[in-house]
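Beneath this line is the structure, given in structure tokens, with notes to follow.
The values are calculated or read from the model by the stated rules, or taken from the named source; none is laboratory data. None of the values given here were measured: they were computed from a predicted structure. Using ideal geometry, Cβ is built from the backbone for each residue, glycine included, and neighbour counts are taken over all protein chains shown.
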Amino acid sequence: MAIDSILIFIVLVAGMYMLWNIGANDVANAMGTSVGSKALTLKNAVIIAAILEFVGAFVLGGNVTETIQSGIVNPSMFEGRTMVFVLGMISALLATALWLQVATFFRWPVSTTHAIVGAVLGFGSVVGGIHAVDWSCVGSIALSWVISPVFSGIIAFLLFTYVQRKVLFSLCPVSSTIKIAPYMLAGVLLTVFISLGSNGIKNLSLSLSMGTVLLISSVIATIGFFAAKIFLAKPFREGMAIHVSELQGEQLHAISKATKHLARFKMIGAEPHASEVNAMIINLKSIADELRTRKKEESHISLEYQIVEKIFAYLQIVSACCVAFAHGSNDVANAVGPVAAVLDMIKNPGTLGHSSTVPIWLLGLGGLGIVVGLATYGWRVIETIGEKITMLTPTRGFCAEFAAATSILIASKMGLPISTTQCVVGAVLGVGLAKGLSALNLKVLRDIFMSWVLTLPCSAITAILVYYFLNALFGSYSLG
Amino acid sequence: MFNFAKLFGKGPFSGLQAHMHKVEGCIAKLQEIFDLFFEGKHEEIEAKALALSDEEHEADIIKNEIRNNLSKSYFLSVDRSQLLDIIHLQDSIADQAEDVAQFLVMRRLKAPATLEKLLRDSVNKNIDAFWDVVKIINKLDALEEASFGGVEAEKVRTLTSQIAFKEHEADVIKGAFLKELFNIADDLSTAEFYLWNYHIEHINKISHLSEKLAMRIDTLVAIKS
């Protein structure tokens, strides 16, 4: 019995350390965009992150946790060797924690997700044998690492192109924003709730048919739509008034077009009406001149776009919530997965992974661990990152966050452990490809690639080494 | 850990604007030089012309900094070659101002009354066109915020057509000046004739370059909205 307690203690401590690490470092990459664009103050960002990371982990964290717990390495292959499996999972967790510590020290751009998957894979294939690993599961995880950032990028690109066409290129950007913002909100809510509710939510033992999910989601989206309409109806009136005086731009454009057409008419040959056409052109020119002199000097970035950004800042609060929720639902598994595997194996050594549902209290604990990491250290990382990415304004930030949140949520739903940071990076690059950001450092692509090829073997080898060390310590004992 | 902030580089526009600020200094000095020229205070011109050269050199330094920092690993919202074109045009305006100032101190010319009025007009028109293109450059960050379309683009378009018109007016003035110059050519020495000709040609290039610069920015906003 004593050995059980020691192992449980070790795995819990290692798990809590990993959770703290995720809260301290990873959350910042997801929330920094909102702080950078000043859609959220640091305090509000931390509060939102704390609540929604917890909820995400608690409600939707189970799927990915199961994958790490029993998807990559099949526990039933360890029939009669439960101690090996338990030690292996513990060493995977310890190796990841160790590797992250080293990587942080050298500032290597690694991902927690890649580290834990690599560690579990390494121990499973070397100690358990090649057949202990479910290679089709590993294949789909590897595929999702490539697909998820690309997918986020594509969504962000399309969404930002839409915002460009509808708002930024509009001649009255404020009223266009007021017009499309409710649709945006409804779209976000619809996407989030459909991806959340499809196939039901296992943790809350909620099974929903697709029809019910669609119905509930569209009801929520409709409520959001009208709430946004009512909310935006009043406070931005002054903003709408601006475009009346700014109409001059549009008027001037129209007049210059008219002048051009008349000039063309003259060129083709306006013989009998030439003098009339000339008079008209002169007339138009004097109107244009009069309009031009009426034009006031504008400030650096005109007020209209400032108001547009203000409205998008509200939308970005919603998208920030989605990102925090999605992040919690995916990354909690990195720490909780191995813990769940060990606890499950120690408690029911006979069933070998058949009771694969993750205990709900463990997910709650996972959420709590992330929140603690966030509260003790993570807020500072969010602050530094936020200060450095001021060029990401709410229009851009909203598109990037929504795209990232969507692809992370889909991955969480499918039980695929992906790197949330890489999804956010993919989304930001998508906005950049739509010419939304003035300068993006493409060297980070090399970093991402490095993270794939470097982390996997390193954490795998570390896990194997840690396993042999633990085996030397505890290998002679048996469980139960 | 992956440092997310590394993804974002500094945009090139603040550099362009800093460079343009130096060019503005050159043109402001050129204006002062012409004021002195028309007042006949030739002895003060020389010092001003040297100050202008200094400012032009400072602009050059900024230009080279921008060029060197335009690293290939950055993905920019504006095409790299277009950016280089823009900075090149900005810089050539400063060069032009320097050329004009340098030749103005070559010989203490006194313009005949008929020429002087046209020369004044030409200087004013050209410098006017330049200040319009300054407005466009100062709009670059607003333009980027608007993704190079919409109302901001419309403003740029209006300014561009305004500059194009001023360039045309400047050309007309230059034509009148040349006509007058050839009228009185027999009364001038060869050196004087050459210098007047040189002055008008080179002053006129300021509006020409300003128009070109405006057109470059205009191509950034083309067919959006």
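If residue B:187 satisfies all but one of (1) modelled with pLDDT under 90; (2) surrounded by fewer than 21 Cβ atoms within 10 Å (Cβ to Cβ); (3) within 14 Å of chain A (Cβ to nearest Cβ), what's the number of the condition it fails?
Result: residue B:187 passes all but (3).
Against the condition among the hydrophobic types (A, V, I, L, M, F, W, C) and over 21 Å from residue A:163 (Cβ atoms), how does residue A:392 come out, does it pass?
Taking the combined requirement at face value, the residue does not satisfy it.
Please count how many residues of region A:402-454 are within 18 Å of residue A:28 (Cα to Cα), of a type in the set (A, V, I, L, M) and outside any helix (DSSP H, G or I).
Going through region A:402-454 one residue at a time, the tally reaches 1.
Residue-wise test of (1) at pLDDT 90 or above; (2) within 13 Å of another protein chain (Cβ to nearest Cβ).
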{"site": "B:144", "(1), (2)": "no, yes"}
{"site": "B:153", "(1), (2)": "no, yes"}
{"site": "B:160", "(1), (2)": "yes, yes"}
{"site": "B:182", "(1), (2)": "yes, no"}
{"site": "B:206", "(1), (2)": "yes, no"}
{"site": "B:220", "(1), (2)": "no, yes"}
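Tell me yes or no: at least one residue of region A:391-401 is over 27 Å from residue A:186 (Cβ atoms), out of contact with any strand residue (DSSP E or B) (no Cβ under 7 Å at 6 or more places or on another chain) and not β-branched (Val, Ile, Thr).
no
Is it the case that residue A:431 is within 14 Å of chain B (Cβ to nearest Cβ), touching a Cys at 6+ places or on another chain (Cβ under 6 Å) and crowded, with 24+ Cβ neighbours inside 10 Å?
yes
Could you say whether any residue in region A:72-82 is within 21 Å of residue A:455 (Cα to Cα) and away from chain B (no Cβ under 14 Å)?
Yes; the residues of region A:72-82 include at least one that is within 21 Å of residue A:455 (Cα to Cα) and away from chain B (no Cβ under 14 Å).
Residue by residue through region B:3-41, note down the ones that are away from chain A (no Cβ under 14 Å), in a loop (DSSP other than H, G, I, E, B) and touching a residue at least 12 places away in the same chain (Cβ under 8 Å).
Once the filter is applied, which keeps residues that are away from chain A (no Cβ under 14 Å), in a loop (DSSP other than H, G, I, E, B) and touching a residue at least 12 places away in the same chain (Cβ under 8 Å), region B:3-41 yields only B:40.
Taking region A:382-394, which residues are in a helix (DSSP H, G or I), within 10 Å of chain B (Cβ to nearest Cβ) and over 17 Å from the mean Cα position of the chain (by Cα)?
A:384, A:387, A:388
If residue A:399 satisfies every condition in (1) surrounded by 24 or more Cβ atoms within 10 Å (Cβ to Cβ); (2) within 11 Å of chain B (Cβ to nearest Cβ); (3) in a helix (DSSP H, G or I); (4) among the hydrophobic types (A, V, I, L, M, F, W, C) but one, which is the exception?
The one condition residue A:399 does not meet is (2).
In contact with a Ser or Thr (Cβ under 8 Å, 6 or more places away or on another chain), polar (S, T, N, Q) and either at pLDDT 95 or above or surrounded by 22 or more Cβ atoms within 10 Å (Cβ to Cβ) (or both): which single residue out of A:148, A:176 fits that description?
Just a single option satisfies the conditions, and that option is A:148.
For residue A:448, state whether it is under 18 Å from the mean Cα position of the chain (by Cα), of a type in the set (Val, Ile, Thr) and either facing chain B (nearest Cβ under 10 Å) or at positive phi (or both).
The answer is yes for residue A:448.
Right, residue B:176: under 14 Å from the mean Cα position of the chain (by Cα) and in a helix (DSSP H, G or I) or not?
Spelling it out, it is not the case that residue B:176 is under 14 Å from the mean Cα position of the chain (by Cα) and in a helix (DSSP H, G or I).
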